[in-house]
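Visitor: Below are the structure tokens for one structure; questions will follow.
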Amino acid sequence: MDRSFQDHLADLEPIINRYPTSAPFLRHVYLDLVLNKQWKQVEIKPIDSLVANVLLAHEPNTPAEDRLVILPRDHREKLSTDAIQAIFEKLNTAHLDDDSTHLHQLKKLTLAIVGSDSTVLYYHIHKGLVPPKEHV
Amino acid sequence: MDFGKFVWVASVSQDRLIKQGFFGKGTLSRSIPTWDARREQVNNPRLELAPEQVTAKRRSKRREQKQLRAGMQVTATNPEEMYTMEELAAWTGGRGYEQFQLDLYETFFLLYALDVLDLENKHGTKMTTTDCWSLFHQCTEQFAYHFAAYHYYRSQGWVPKDGLKFGVDFVLYQQGPTSKHSDFSVLVIPCVTTAVQDTSDHHDTTMQLLTQPHDQAPHASWVNLLRINRVCAHVKKTLVLCYVSMDASVAHKATNDPSVLNHCHIHEVVFRRWSPSANRE
């Protein structure tokens, strides 16, 4: 890598700061995924309708084309089924599809909830019912 | 406070804060900051593995075993999916990215009860105890009640840590998160008491749970308590309901006067599910 990590972060700052209120949480989740969890494929995508950035990331040991849509949130922000439904709708209309990721109607959203002690809790939220996974 | 509701420790005393009470958490670690050590290991493989690495190894082994049992080919870590620590060490060039962070209760305890911490605002001015108290109230609803509970458990020798992972306010450790899992989860229930005087000159006190206007399901409702108890039972923790009550005559100044702590009363209730047919003790 020619550029240092610090330079890389500096390049990302304009995107991160596009939505100032959620910027600290986004920054923290980004560092958690890249530096702590060591994930290589993590991109930041602005979603104007959500007034927030999401992280489009590939979880290791999942099919190569799969991407998680991760939304950082402060733990004090209230959530409801209506609010979650609205997030799904906004993400669908925001067209996250592009040639390489083939994301169609979003079926799974991942919330990255940042607690007061910096712990990040990741929760998958599926749209609709999901049958239980078969355990090996 | 623009960054969030926590405090970053500027001086190099984080070792003391950890060793003398397990205060704080590393922002890139499960509890004590280990990210720098994990990066150092690249140059010195003989260093002991950090808890995060022990967990990662265990999960990786479990995944391999699952793959073997299913007759699948064991997949090694794909370098296109994950950075190695060597790559990250080179990329970060020796610069640290982990912060050592105290939550607001730890901070106020160190400041107020132990008087070992000074807090500066973003202009570099030292803040008074009352300034900190007011500021923390702006960040966290019902800070006074939660802090009273924190202070109460600390003074009994427990190490209270944030309980968000378990849907509660605090979890209590005997000796910090690194040695043993916590046994108790604490839900703080703020209450306001008012003295009621009826016609016969007999004094009585009514206790009312403090709920915020936007709470649709007060968090101390039966349904909510049953939910939380289920979660706690699954992780082998005992649920403790910690009622923190303040008289109405002082409660109104809770947001800007730390002396209200002297007027708090704490009642604890242990909440355990009992199944008549299952338990025969």
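The values are calculated or read from the model by the stated rules, or taken from the named source; none is laboratory data. Since the structure is predicted, the reported quantities are computational estimates derived from the model, not experimental observations. Cβ: placed from backbone, ideal geometry, glycine included. Neighbour counts: every protein chain shown.
Visitor: So which of B:196, B:240 is over 19 Å from residue B:140 (Cβ atoms), modelled with pLDDT under 90, aliphatic (A, V, I, L, M) and touching an Asp or Glu at 6+ places or on another chain (Cβ under 6 Å)?
Guide: Going through B:196, B:240 in turn, just one is over 19 Å from residue B:140 (Cβ atoms), modelled with pLDDT under 90, aliphatic (A, V, I, L, M) and touching an Asp or Glu at 6+ places or on another chain (Cβ under 6 Å): B:196.
Visitor: If a residue has to be modelled with pLDDT of 85 or more and over 16 Å from the mean Cα position of the chain (by Cα) to count, how many in the range A:87-100 make the cut?
Guide: Keep residues of the range A:87-100 that are modelled with pLDDT of 85 or more, which gives A:87-91.
From what's left, over 16 Å from the mean Cα position of the chain (by Cα): none.
Going through the range A:87-100 one residue at a time, the tally reaches 0.
Visitor: OK, next. For the range A:13-25, name all the residues that are crowded, with 16+ Cβ neighbours inside 10 Å, among the hydrophobic types (A, V, I, L, M, F, W, C) and free of Cβ contacts under 8 Å to residues at least 60 places away in the same chain.
Guide: Going residue by residue through the range A:13-25, those that are crowded, with 16+ Cβ neighbours inside 10 Å are A:16, A:18-19, A:22-25.
Narrowing further to those that are among the hydrophobic types (A, V, I, L, M, F, W, C): A:16, A:23, A:25.
Selection gives A:16, A:23.
Visitor: A further question on this structure: Can you go through B:245, B:259 and tell me which one is under 26 Å from the mean Cα position of the chain (by Cα), at pLDDT 85 or above and not in a strand (DSSP E or B)?
Guide: Values: B:245 fails: not in a strand (DSSP E or B).
Only one candidate passes the filter, namely B:259.
Visitor: While we're on this one: What single numbered condition from (1) within 29 Å of residue B:252 (Cα to Cα); (2) facing chain A (nearest Cβ under 8 Å); (3) of a type outside the set (Ser, Thr, Tyr) fails to hold for residue B:165?
Guide: (1)
Visitor: Would you please list the contacts, defined by Cβ atoms under 7 Å and residues six or more apart or on different chains, that run from a residue in the range B:234-252 that is surrounded by fewer than 19 Cβ atoms within 10 Å (Cβ to Cβ) to a residue that is hydroxyl-bearing (Ser, Thr, Tyr)?
Guide: Final answer for the pair search is B:247/B:193; B:248/B:193; B:248/B:194.
Conditions tested, residue by residue: (1) surrounded by fewer than 17 Cβ atoms within 10 Å (Cβ to Cβ); (2) under 30 Å from residue B:57 (Cβ atoms).
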site: B:83; (1), (2): no, yes
site: B:86; (1), (2): yes, yes
site: B:91; (1), (2): no, yes
site: B:95; (1), (2): yes, yes
site: B:105; (1), (2): no, no
site: B:109; (1), (2): no, no
site: B:115; (1), (2): yes, no
site: B:118; (1), (2): yes, no
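Yes/no per residue for (1) closer than 23 Å to residue A:115 by Cα; (2) modelled with pLDDT of 80 or more:
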{"position": "B:13", "(1), (2)": "no, no"}
{"position": "B:24", "(1), (2)": "yes, yes"}
{"position": "B:33", "(1), (2)": "yes, yes"}
{"position": "B:41", "(1), (2)": "no, yes"}
{"position": "B:52", "(1), (2)": "yes, yes"}
{"position": "B:60", "(1), (2)": "no, yes"}
{"position": "B:66", "(1), (2)": "no, yes"}
{"position": "B:71", "(1), (2)": "no, yes"}
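Visitor: So residue A:23 passes all but one of these: (1) within 26 Å of residue B:163 (Cα to Cα); (2) touching a strand residue (DSSP E or B) at 6+ places or on another chain (Cβ under 7 Å); (3) not polar (S, T, N, Q). Which condition number does it fail?
Guide: If we test residue A:23 against (1) within 26 Å of residue B:163 (Cα to Cα); (2) touching a strand residue (DSSP E or B) at 6+ places or on another chain (Cβ under 7 Å); (3) not polar (S, T, N, Q), just (2) comes out false.
Visitor: Could you list all residues from the range A:112-124 that are surrounded by 15 or more Cβ atoms within 10 Å (Cβ to Cβ) and more than 10 Å from chain B (Cβ to nearest Cβ)? Before the answer, list the steps.
Guide: First, the residues of the range A:112-124 that are surrounded by 15 or more Cβ atoms within 10 Å (Cβ to Cβ): A:112-120, A:122.
Scanning the range A:112-124 gives A:112, A:122.
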